[in-house]
Each structure stands twice: as C-alpha cells, then as structure tokens.
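Here is the structure we will look at.
Throughout, read-outs are computed from the coordinates displayed, never taken from laboratory work. Source: prediction; values computed, not measured. We place every Cβ from the backbone using ideal geometry, glycine too, and count neighbours over all the protein chains shown.
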Amino acid sequence: MRQLGVQPKPESPVTLARELPRRMTSVDALMTNASLYERAALASQAFLGLHSYLQRQHYRGYEFDDFLGSPLVRFLSLNSLLLQRVAVQAGELLLLNVRLLLGIRKLESTKARGFFAKGYLYRFLATGDESWLSAAVSCLDWLLENSSPQYPGASWGNAFDFASRGGFFPKGRPTIVWTAHIAEAFDLAYLVTKKAEYLNALEQSARFIISALERHEDERGICFAYAPGSPALVFNSNLLGAATLIRWWNHSGDSTSFDLARRAMTWTLPHMNPDGSWYYGVGEKYRWIDNFHTAYNIDCFVTAHEVGGESLVPEAVIEKSYRFWTTNFFLQDGTPKYYDARTYPLDIQCAAQAIETLSKLRRRFADAGPLADRVLAWTLRHMQKKNGAFRYQIRRLWMNNLEAIHWGQSTMLAALGAYLHFLPPGVRKP
C-alpha cells in the first residue's frame, strides 16, 4: 500500500503542530471579527495540524467502541450481548486509556479511510494542490483492496467486534451506514477524476444494498436492514442507503436503484415528528433524538432533492428538519449539543458532522455559514489538542482525551475540508 506522503505547502505541518496551541488562543477573537479569508486560514491551519498527526500515526488508531478488540474482554463477556454492551460502554467512559494493557491494537479503519478520502478531495478542490489528490487516491485504493469479500458488491465494516442495543456485529460484517459513507467518497472521487474504478465502486456499493440486505416492507415502502442478518427500522441508515442508490442512478439511469430509493424515502418521510425532529428509529429502544444522525438525515434529503427533485423529497421536509436541527442542537456560541433536550456529552462527531453539513448548506440557507463559523470556532478552541488531534468528548466534570481514529480524526478532516471547499465563490482559500 502506498503511504500518504503529502508535503503540504507553504507551511510545514510539523512546525504548525508546535505552533497550533498558541494560535488557537486567538480563535474567539478571530472568528468574531474575521474576514472569511481569515477564517479559512484558521481552518487550513487546523487541517494541516491534523494531517501531520495522522501521518505520524500511520493512519492507525483506537476507537471509542473497540473494547471487544481485547481477547481478555471478549473472554470475560461470555458471549453475552449484555456483557458485550457493558464492555463497549466501559471502554467509552474510562478516565484512563488502558487499551494497550488489554491487548487492543491501533488499527486502520475503513470508516476512517472514507472520511479521510473526502477530506483530501475537498482540500484538493479548494487549493488545486495535486498532493492532496494523491492522498485521497491512496485512501481510495486502500478501500478498494479492503472491502468485504463475503457479500455481493462492495461493502465495509468494523475492524473489531462491536455490540450495541442493535445487536452484536462481528469484526468485518459490513453495514449500510459505513458502506454509504464510503460510497459518497467514491462518488466525489469520480466527479473529480472521472476514473472508471471509482464509478464502479459506487455501482458495487449499490449492488450490496440491493442484493445483500434484507428489507422491511409495508404499504408505505421499504426499510433496508442495517447489516446482513441485522434488520432494524432505523431512519438514518435507510436514508443513507437510499442516497447511495440515488447517486448511482444519477450516473447510470438504473431504474431499479431509483425505485428502491424512492420507496425507502416514502417509507421514511412519514416518520418525521410534527416539529421536524427525527427519532433514531422505530420502537422504544430507538426513541431518542441526537445531533449527528439528524444531520445525516438532512444530508440525504438534500442529495435526493438535488438529484431527483420534489418527487423524492419535498423542499418543505428539508426546511422543517433543518430548522429543528439548527434551533435545538446548538448554543449561541456554536456549542454542538448531543441531544435536542440535553447538552452533554460534547462530542467530536456532533461537531464534525455539523461543520460538514452546515458547510454544504451555505448556499441553501443564509444562516448555515455563520453557524458553521461558530461551531468551527468552538471546536478548535475546545476539542483540538496540542498535537493536532481532536479529543473524543467533554463531559460535565471531565474530558475524555481519546484520539478516536474514525470518530474524531477522520470526521474532522472531512469537516475542515468541506468548510474550506464550500466557502462562497470569490473567497481566497489558503
């Protein structure tokens, strides 16, 4: 596998990583009175600092939910879903990172590679620097070599066992969520490069969704399973699958993909709450409303509307969902709340997805750009560490400084790249 040997210009990322803490002390003042170019310069500095960190780590890392990657923890869990879930939660909440002592290794992540590819592609589009395109290509090539061999098409999953209220997911079992996020990166790569292998990867991702996943079906439409053998009535995963099919239909005109995407949308849309909010899914165990899954939903609605128009998703649904999201999930200073009715934990995934989604929506909603600015300022001040990486969470009484490779580093690279790429036309981008 090729190494991502990018040498960003004009500033050395090593020097930047040393200077980043001093620069971040002026974030509040800069973001309050800055020009868009000055804000872009700050985002660029953060991007380079994170890129430097990733190179030092060889794109490997821990994850907040990787405790079942420990042979000892797996043995003690006794194949009990309850104990497996407890182990995952313990790994998320421990004050000290004891993963090395438990035999948990830093791993490469398919999920992370997809977000890294997006971040580097956005950076290339913003700067025209071919070295960033080379970095994206390395990530995409790695993903092509590391898709799941067990199912039709192309799909991707975790590098470790995982358990949640949705069930137990053995290492390597692909999910619709991560396959859809990675398919988005391949779609963007094809638009940038016109390379046939990237369009083929998008097609094969659609094939996985169509051929390998069970479907719930009723009079409203269909809901795709979360993973093979794991049916669940989850809104964001169903929409992400539909968005992948829409992306493929946009290039191919494949009627099967369009019909299934339309039916997934028609099943999901009636589940929107009257105020524009979205529970995670159907059933009591999925009855919560959170920040980043709401953003996923909005992203999928916008994709479907831009490609398929009102027949797929009415503009009114996007407007109502967006207004609930921006009204209920952010404090005045840009702090991204985790839940609509509760602020803590302050989570890097919420921050990253908010920055990316708001950046994409700059031209659609007048308040999206200013809110993206505030969330970016808050995130750089509170979540980026001296080494350029981003901490996992801030709790009410303590911080979890885990540098989660997908949950924090890859999503923030994509977010910072999107922020820079989607700045208004005419803004000089560093």
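By the count of other C-beta atoms within 10 Å, a proxy for reagent exposure, Y53, Y120, Y344, Y338 are ordered fewest to most as Y344, Y338, Y53, Y120. Take the Cα of L191, go 7 Å toward its beta carbon, and the backbone nitrogen atoms of segment 248-271 under 13 Å from that spot belong to 248, 250-251. Considering only G308, L269, L68, the residue lying farthest towards the positive end of the dipole of the chain is L68, judged by Cα position with unit charges set on Cβ. About its Cα centre, segment 65-172 has a charge dipole of approximately 340 debye under the convention of +1 per Lys or Arg Cβ and -1 per Asp or Glu Cβ, with nothing else charged.
Evaluate the charge dipole of the chain about its Cα centre and quote only its size in Debye, nearest 20, assuming +1 on the Cβ of each Lys and Arg and -1 on the Cβ of each Asp and Glu. Before the final figure, lay out the partial values.
Values: 47 positive and 39 negative charges, 246 e Å.
Using Cβ point charges on Lys, Arg, Asp and Glu, the chain gives about 1180 debye.
Rounded to the nearest 20 debye, the dipole size of segment 312-430 about its Cα centre is 260 debye, using +1 on the Cβ of Lys and Arg and -1 on the Cβ of Asp and Glu. Considering only Cα-Cα distances, which of the following residue pairs are longer than 30 Å: K285/K320; K118/K385; K194/K386; K171/K386? Among K285/K320; K118/K385; K194/K386; K171/K386, the Cα-Cα distance tops 30 Å for K194/K386; K171/K386.
Can you sort V234, V98, V375 by how many other beta carbons sit within 10 Å, fewest first?
Working: V234 25, V98 13, V375 28.
Least crowded to most crowded, the residues run V98, V234, V375.
As a length-normalised measure over Cα pairs under 8 Å and 6 or more apart, the relative contact order of segment 186-315 settles at 20 percent.
Taking the Kirkwood radius as the inverse of the mean 1/r across Cα pairs, report the Rg/Rh of the chain. Display every interim value, and only then the final one.
Numbers: Rg = 20.3 Å, Rh = 21.7 Å.
Using only Cα positions, Rg/Rh for the chain is 0.94.
Using C-alpha pairs under 8 Å with a sequence gap of at least 6, the mean separation divided by the residue count of segment 316-430 gives a relative contact order of 27 percent.
When the Cα positions of F208, A196, G221 are compared along the charge dipole of segment 181-221, A196 comes out farthest toward the positive end, with charges on each C-beta of Lys, Arg, Asp and Glu. What is the gain in length, in nm to one decimal, between S252 and L95 on full extension, counting 0.36 nm per residue of separation less the C-alpha to C-alpha distance? 51.5 nm is the gain from fully extending S252 to L95.
Compute the relative contact order of segment 77-187 as a whole-number percentage, counting only Cα pairs closer than 8 Å that sit 6 or more residues apart in sequence. The normalised contact order for segment 77-187 reaches 27 percent.
When Y296, Y339 are arranged by Cβ crowding within 10 Å, least crowded first, meaning fewest neighbours, the order is Y339, Y296. Per residue, the convex hull spanned by the alpha carbons of segment 356-430 comes to 101 Å³. Taking a straight Cα-Cα cut-off under 19 Å and skipping sequence neighbours fewer than 8 places away in the same chain, the aspartates and glutamates within cross-link reach of K195 are D129, E130, D141, E145, E184, D187, E203.
Kindly provide the trypsin sites (Lys or Arg not before Pro) of segment 60-101 that DSSP labels as loop, not H, G, I, E or B, and whose Cβ sees at most 16 other Cβ atoms within 10 Å.
Numbers: sites: R60, R74, R85, R99; in loops: R60, R99.
Loop-located and lightly packed - R60.
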